Amino acid sequence: MGCLWRKTLFFLLVFVTVCLHGASSQEAAPVGPRKPFFERLRKLEEQFRRFQEVTLTHLQSIASNYNVSYNVDVRFRSLAEESQAVAQAVNRSQASLQGELVQLKAWVRKLQRRSQKVDMRLRALDLALGERSQQQARERKAHEAQGDALRDSLAHLEDLVHSQGARLAALEQWLPVAHPGTTALGPALVPAPTQPDLLGPSSLKLQRDRQELRAASEHRGPRQDSLAPLQGTQKPPASGSYRVLNGTATAPKDPPQQTWSPRGPGEICGVGPTLVFPNASTKNVVFLSPGFVTALRAMSFCSWVRTASGRLGTLLSYATEDNDNKLVLHGRDSLLPGAIHFVIGDPAFRELPLQPLLDGQWHHICVIWTSTQGRYWLHVDRRLVATGSRFREGYEIPPGGSLVLGQEQDSVGGGFDSSEAFVGSMSGLAIWDRALVPGEVANLAIGKQFPTGAILTLANAALAGGFVQRANCTCLERCP
């Protein structure tokens with residue numbers, strides 16, 4: 001604003017100087033005829049009036065420019081405030097959008113995991129259906145073969161019956177009997193059967209054949225050659241092996257078997273309590289408390305396992321808030337029957353072969369992992385059956401999660417699926433925060449020595465309900 005006033009004063013000074021210079025030049029001109037004083041005064045008045053008009057015009061332009069500049073400043077200030085408000089709104093929107101994107105990414109990851117599980121389940125179901133169809137085809141062929149054998153036996157039996165009937169008819173024609181005590185009349189005279197001393201060898205043979213056929217037809221004879229293909233070779237029980245109950249002869253029940261026998265050389269004894277998972281209910285869950293209290297850079301999981309079904313469910317599941325598959329041992333998604341997925345920090349996993357566990361017997365397993373070079377080992381009944389490296393090298397299993405036996409968690413402490421449940425028994429379970437050496441695994445499997453430093457055992461197990469039973473068996477072979 002001060003700059004405009006200075007420009008205006010400068011313009012006025014210049015204009016006055018120009019006017020004075022014009023007046024002086026008129027006075028310095030050659031002397032001519034002098035004009036009247038009033039005419040000169042009138043010219044000065046006209047010049048002064050024009051000067052006033054020009055000055056007024058400039059002043060008006062200056063005032064308008066001042067208003068415009070003031071309006072521009074106000075507009076700039078309002079625009080700055082609006083831009084600041086817009087920036088703040090954009091920042092808030094960006095923060096909320098980032099939060100929604102994080103949630104969306106987590107949801108997408110979970111959806112991908114679920115889709116992978118569904119895909120693996122579909123593949124496993126397809127494989128199971130294929131195996132079942134093959135088994136049904138084999139059973140159908142076996143049934144057809146049995147049916148063919150049965151038809152052949154029936155045809156053979158029919159032939160025997162027809163041949164015996166024809167033979168009986170021929171014998172009856174040759175040996176007609178009018179009534180006892182008289183000789184029969186026939187094409188050839190044959191002595192009566194009441195005179196055995198007069199019977200010849202051929203007649204005696206015919207009579208024996210007739211008696212045997214008659215006994216066979218009445219199903220009373222001791223020999224039934226025509227039924228031999230369909231009967232077993234079992235002998236009737238000896239006298240005194242049956243007892244009479246309400247007028248009916250019944251076989252006595254077998255004596256009760258001894259359920260507790262002395263410890264044998266091949267028995268597994270002294271391994272502690274046993275957890276029995278009787279069915280695939282989602283309520284059958286066992287929590288190991290307090291879980292992992294410190295981060296793990298190495299881990300050893302060992303247990304005696306006996307599965308009651310033809311598949312392996314989930315042995316162990318460890319979930320945290322940011323990942324529900326921090327540590328998992330489950331066989332639901334495996335394409336090979338008996339194989340198990342060893343997961344550390346989903347989605348990284350290794351497939352371990354555990355086919356020997358499908359025979360329904362007790363087996364000792366040890367799964368060992370260390371973050372050093374990502375090494376892992378699988379021992380089954382003291383034998384090393386699988387090993388590898390570069391599996392979660394340098395990884396650290398975080399503490400503070402939920403550790404569950406028998407179920408696979410889709411969320412912390414929940415999200416169970418009956419198709420992933422474990423059905424069978426576990427005993428002698430223990431977890432170490434270090435990698436056991438082969439000698440320790442062998443000593444543990446034969447019950448020679450329990451390795452030191454176990455951080456969790458079945459003493460930390462807490463039953464959460466369902467049908468899980470806790471049994472204390474001296475030897476595993478005597479467990480239910």
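The values are calculated or read from the model by the stated rules, or taken from the named source; none is laboratory data. Bear in mind the structure is a predicted one, so any value in this text is a computation, not a measurement. Positions of Cβ are backbone-derived with ideal geometry, glycine not excepted, and every protein chain shown enters the neighbour counts. Accessible surface is based on the protein model in full, side chains and every heavy atom, while ligands, DNA and RNA are left aside. Shrake-Rupley method; radii C 1.70, N 1.55, O 1.52, S 1.80 Å.
Results, tabulated for the structure shown:
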| read-out | value |
| --- | --- |
| Order of exposure, largest accessible area first, which applies to Ile368, Ile62 with probe 1.4 Å | Ile62, Ile368 |
| Whole-Hz couplings from phi, Karplus 6.51/-1.76/1.60, listed for region 122-127; x for Gly and Pro | 5, 5, 4, 5, 4, 4 |
| Residues listed by number, region 420-446, amide nitrogen under 14 Å from Glu396 label point at 7 Å toward C-beta | none |
| Phi-based couplings in Hz for region 427-435 (Karplus 6.51, -1.76, 1.60; Gly and Pro marked x) | 8, x, 6, 7, 10, 10, 9, 8, 8 |
| Long-range HN-HN contacts of Ile268 with modeled amide H, under 5 Å | Leu476, Glu477 |
| Cα-projected label distance for Asn91 with Phe76, points at 7 Å along beta-carbon direction, nm | 2.4 nm |
| Long-range amide H partners of Gly338 with built H, under 5 Å | Leu312 |
| Candidate residues Ile431, Ile268: accessible-area rank, largest first, probe 1.4 Å | Ile268, Ile431 |
| R0 of 56 Å, Cβ-Cβ distance Gln136-Thr452: FRET efficiency to nearest 0.05 | 0.60 |
| Rounded accessible area of Arg114 (nearest 10 Å², 1.4 Å probe) | 110 Å² |
| Mean-position separation - Cα centroids, region 311-368 and region 413-435, in angstrom | 9 Å |
| Cα-based shape type of region 352-461, given that a ≥ b ≥ c are square roots of the gyration tensor eigenvalues and the cut on a/c is 1.5 | rounded |
| Accessible area (Å², 1.4 Å probe, nearest 10) - Leu436 | 10 Å² |
| Accessible carbon and sulfur surface of region 314-414 relative to its total accessible area, %, 1.4 Å | 47 percent |
| Residue-normalised accessible area of region 308-348, expressed per residue, 1.4 Å probe, Å² | 29 Å² |
| Leu327 long-range amide H proximity, modeled H, under 5 Å | Tyr318, Gly345 |
